[in-house]
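Each remark here refers to the structure printed beneath this line.
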Amino acid sequence: MIYLDHNATAPLDARVRETMLPYLGGPYANPSSQHRMGRAARDAVETARAQVAALAGASAGEVIFTSGGTEANNLAVKGTALAAPRGRLLYSAVEHPCVVEPMQALAARGWPVETLAVDGEGRVDLAAFEHQIKGGEVRLVSCMVANNETGVIQDVARLAALARRAGAVFHADAVQAAGKIPLSFPDSRAHLMSLSSHKIYGPKGAGALFADPAVPLEPLLHGGGQERHLRGGTENVAALVGFGAAAELARTELAARMAHARRLRDRLQARLAALPGLVSFGARAERLPNTLQFAVPGVHSATLLGLLDKQGFAVSSGSACASGTDEPSPVLLAMGVPAELALCAIRVSVGKDNTEGEVDRFAAALCGLLAGLGVSMPSVKPAAGVV
Amino acid sequence: MIYLDYAATTPLDPAAYEAMQPYLRPGGAHGNPASDHLAGKRAREAVERARAQVAALIGALPAEIVWTSGATESDNLALKGALEFYADRGRHVVTSMVEHKAVLDTCRYLETRGTKVTYLRPGADGRVAPEQVLEALTPGTVLVSLMWVNNETGVIHEVERLAPALRERGVLFHVDAAQAAGKIALDLRTVPVDLLSLSAHKAYGPKGMGALFVRKKPRARLAPQLHGGGHEQGMRSGTLPTHQIVGMGEAFRIAGERLAQEGAALAVLRERLWACLRELPQVFLNGEGAPRVPGILNVSFGGVEGESLRASLPELAGSSGSACSSATGESSYVLRALGRDDELANASLRFSLGRFTTEAEIDQAAEQVVAQVRRLRALAPA
Amino acid sequence: MSATAAGPGVNPFGYSDAVWRRFTEAPRAGLLEGPGTRTGRAATPANRSRLQLQARISGGRIEDARFQAYGCPTAIAVGAWLAERAIGRSLDELAAIGAAEIRQALEIPDTRLHCALLGEDAIKSLVEAASAAK
């Protein structure tokens, strides 16, 4: 199988697994226990905290560990809204369901909720945003650093500065951005920032919310007082240790991973450029170096994905969380992509272990399938060295 | 170090550890279980297999198992989710004073949001009787939450007797079974509980993993607390951690296989420990009057001060008070609710034995405790 | 012969070495008898911690001293330290030892201040008992 769906999940790095195994098979005490073994578990969690903080230049005291990115986003959105007097909640039109759904849940309970429009490339319209927040009473603005489907990167620092001026809390979902581009919590000017372990080659089951301690947050999980009473529940020591190790590797290997990803993504993009009518989404904006979302008009993703899967290629149409539905992606619709075209979306997200050969094989397979589906193609010469 | 703190957490069973390995390695099962490609499908299959394993241990249908990040989350989801969904039925909850902090803190939070909560005090046997619960019900009671087994004393609540009575009265029944699953036989086909919290790491599964049983017939409804991609039938969004789920499934499968025999073995070891400790004057067994799970022994020692007792036993991992509350340094509210004064509650030790406890460990522990209690008593002024 | 606690090498609870050694070894624990024995007692409210300090005084100096204590490790350590310090001192010298000195010698943190005060009270009680007997 050739795995090209790293934005959905990234396989656990073998080095990260090695750091986790002793905590699965070994010192297994509850970090809240007061005996020596409890303290060893506690120390491991605190080391991981420092490593995760370092990935985004945050301080350990700003890190709240959660069970994943979904929980981190839920805590950011609901935690902020419930801890403040009712007011307007704004989120970009391209947010992930785990930001959209909490916002909608609050809307159902009476909070005024609004979206921030994006342009054709998926970037939040800064002028429109500035105008929108002039109305006042804005409690929270949520805008992701980079989109999971298109890879498009937002100008978070500018958005956050505007939000701050309006007295609002700014939350940036960095789940896709972490480990793919340089990330700085302090420079972003965000009050809250979400991360997910399994997107950076760490284990599933762990995430984090960077939180400015000055922002009141109502916890989602009560009981036990862990994470300074912001997130109750016995800590998942092994997963947090793995998350920490993955964060450290993501930080130290960032430059190499970025270069590698960009090389592969751009290579694929070049190979596919020859396909007639192929539309790339967000290609004119600044994007994550590993992501390419495109569509071949008239060829539905469901059809193509099934065929690609049979040939051993794992890719997706957009958000894994929304797969299995036949709806066009709200992200693409917000960008003004017609629904029919949005239903043809294919997302390729390469990872650090993919090779040029794999990318070439994918391109060849895709072209072959499209030819088989009757999409007329100019003759595509295989690159030198590719079978 | 002698580990007698299985009620705080258990080591991962080696078989569960092995079962998790393929999902920690590359090789095609690492996909997001929500993805449609082969990597995702393989992960999804493993998840559904594990779901059936967990369901089997408690007599549930697989579709009644909702994965969570642990029993704390399950308790939060059950209480908050039910109160929110059934808001039109009322705003009253009945629970006990001896619930785990996950339930108590959630109840306190609900009180700040306008829910009325009645906290029932246990009797001298450490249990809240079904009659107490029924008496506390009001027309506005939405939910009763009562743990099946108390984590500090090991006493077993009369859930089988209470459940039908609550069902008859149309009141939802949530049971925190974190300390019960794998220790006593649970069959939800015959016990009409509506919501049940499960913890993996209390049953030789991985930390960070749990489940909430949500009955289908009659259907218990919940307002989700984690919103997002609509996972777990819309009840709990978030990418499923395949390896953790597989670990929990395998741990629960093993627990079912071993339940009877392990229970008998632990009862013998516990009696051995108690026989030594009761030789000392002024020792009291907490929860004496009630049926208890075989692995937990909670003892109060008169005439010694609690901090010195614990400090005298650095090589013995046990606890006084639940792990989740020991960080705050309070003396056990469960023991105080049983009627032990502050002093005695503080001078109590919970020994919780488990799958890998040996007779030699029991003997060593007994010897150390007896010696240190004698030493501290001899040090004390008359 | 009473057992010691787990031995001075193992101090996982973060007590100062001075406290830990005296708690685990409890030198000079016990009772004094005979003529010239004076006894001082002190307790914190509700008898949570209790300290008994005994001294045999001869020729104006403390010849022998013993302590008994009920309470946390720090309280026990205070008792042991006082019994040690008392040897060879006059009552006046003993009376000059206050909570501050006890605190410093045993590196007692703020949260255990009451143990140092307990020690001071025990000294006062002993000195009073000794003076009254004259």
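Values computed for the structure shown
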| item | result |
| --- | --- |
| Qualifying residue in region A:63-86 (condition: open to solvent by 20 Å² or more (accessible area, probe 1.4 Å) and among the basic types (K, R)) | yes |
| Every pair of residues 6+ apart whose Cβ atoms lie under 7 Å, when the first sits in region A:179-197 and is closer than 14 Å to A:Q154 by Cα while the second is part of a helix (DSSP H, G or I) and of a type in the set (K, R) | A:R189/A:R164 |
| Those residues of region B:311-349 which are open to solvent by 10 Å² or more (accessible area, probe 1.4 Å), modelled with pLDDT of 80 or more and more than 11 Å from chain A (Cβ to nearest Cβ), in sequence order | B:R336, B:G339, B:R340, B:D341, B:D342, B:E343, B:L344, B:N346, B:L349 |
| In region A:146-193, the residues that are surrounded by fewer than 24 Cβ atoms within 10 Å (Cβ to Cβ) and outside any helix (DSSP H, G or I) | A:I153, A:D155, A:A166, A:G167, A:I181, A:P182, A:S184, A:R189 |
| Search result, residues across region B:151-178 that are small (G, A, S) and closer than 27 Å to B:L349 by Cα | B:G154, B:A177, B:A178 |
| Enumerated strands (runs of 3 or more DSSP E) restricted to region C:14-112, each holding at least 2 residues that are crowded, with 18+ Cβ neighbours inside 10 Å and among the aromatic types (F, W, Y) | C:61-70 |
| Single unsatisfied condition, A:L12 versus (1) of a type outside the set (F, W, Y); (2) surrounded by fewer than 24 Cβ atoms within 10 Å (Cβ to Cβ); (3) more than 8 Å from chain B (Cβ to nearest Cβ) | (3) |
| A:E62 vs. criteria among the acidic types (D, E), within 9 Å of chain B (Cβ to nearest Cβ), in contact with a strand residue (DSSP E or B) (Cβ under 9 Å, 6 or more places away or on another chain) and in contact (Cβ under 8 Å) with a residue 60 or more places away in the chain | no |
| Region A:35-59, subset within 12 Å of chain B (Cβ to nearest Cβ) and in contact with a Phe, Trp or Tyr (Cβ under 8 Å, 6 or more places away or on another chain), residue farthest from A:V16 (Cα to Cα) | A:M37 |
| Helices (runs of 4 or more DSSP H) contained in region A:245-364 and holding at least 1 residues open to solvent by less than 10 Å² (accessible area, probe 1.4 Å) and away from chain B (no Cβ under 14 Å) | A:254-273, A:330-334, A:339-342 |
| Complete set of residues in region B:46-81 that are within 14 Å of another protein chain (Cβ to nearest Cβ) and either surrounded by fewer than 20 Cβ atoms within 10 Å (Cβ to Cβ) or over 19 Å from the mean Cα position of the chain (by Cα) (or both) | B:A46, B:V47, B:A50, B:G81 |
| Among (1) open to solvent by less than 40 Å² (accessible area, probe 1.4 Å); (2) within 14 Å of chain B (Cβ to nearest Cβ), the one test that A:V138 misses | (2) |
| Enumeration of residues in region C:78-134 that are farther than 18 Å from C:T44 by Cα and of a type in the set (K, R) | C:R85, C:R89, C:K134 |
| All positions within region B:350-378 that are buried (at least 23 other Cβ atoms within 10 Å of the Cβ) and within 12 Å of chain C (Cβ to nearest Cβ) | B:V369, B:Q372, B:V373, B:L376 |
| Any hit, region B:180-195, residues being open to solvent by less than 10 Å² (accessible area, probe 1.4 Å) and either within 14 Å of chain A (Cβ to nearest Cβ) or assigned to a strand (DSSP E or B) (or both) | yes |
| Checklist (1) open to solvent by less than 10 Å² (accessible area, probe 1.4 Å); (2) at negative phi; (3) over 21 Å from the mean Cα position of the chain (by Cα); (4) not aromatic (F, W, Y) applied to A:L221, failing item | (1) |
| Residue, farthest from the chain's Cα centre (by Cα), within region B:82-123, restricted to residues that are outside any loop (DSSP other than H, G, I, E, B) and surrounded by fewer than 17 Cβ atoms within 10 Å (Cβ to Cβ) | B:D88 |
| Among the residues listed as B:A19, B:A34, the single one being more than 7 Å from every other protein chain (Cβ to nearest Cβ) and either more than 22 Å from A:T234 (Cα to Cα) or part of a helix (DSSP H, G or I) (or both) | B:A19 |
| Residue in region B:290-302 that is free of Cβ contacts under 8 Å to residues at least 12 places away in the same chain and not β-branched (V, I, T) present | no |
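To keep it simple, each residue is scored yes or no on (1) at pLDDT 95 or above; (2) of a type in the set (A, V, I, L, M, F, W, C); (3) touching a Pro at 6+ places or on another chain (Cβ under 6 Å).
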position	(1), (2), (3)
B:G230	no, no, no
B:M235	no, yes, yes
B:T239	no, no, no
B:V246	yes, yes, no
B:R253	yes, no, no
B:L269	yes, yes, no
B:A275	yes, yes, no
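The values are calculated or read from the model by the stated rules, or taken from the named source; none is laboratory data. A quick note: this is a predicted structure, and the numbers were derived from the prediction, not measured. Note that we place each Cβ from the backbone using ideal geometry, even for glycine, and neighbour counts take in every protein chain shown. All accessible areas refer to the heavy atoms of the entire protein, side chains included, with ligands and DNA or RNA removed. Shrake-Rupley method; radii C 1.70, N 1.55, O 1.52, S 1.80 Å.
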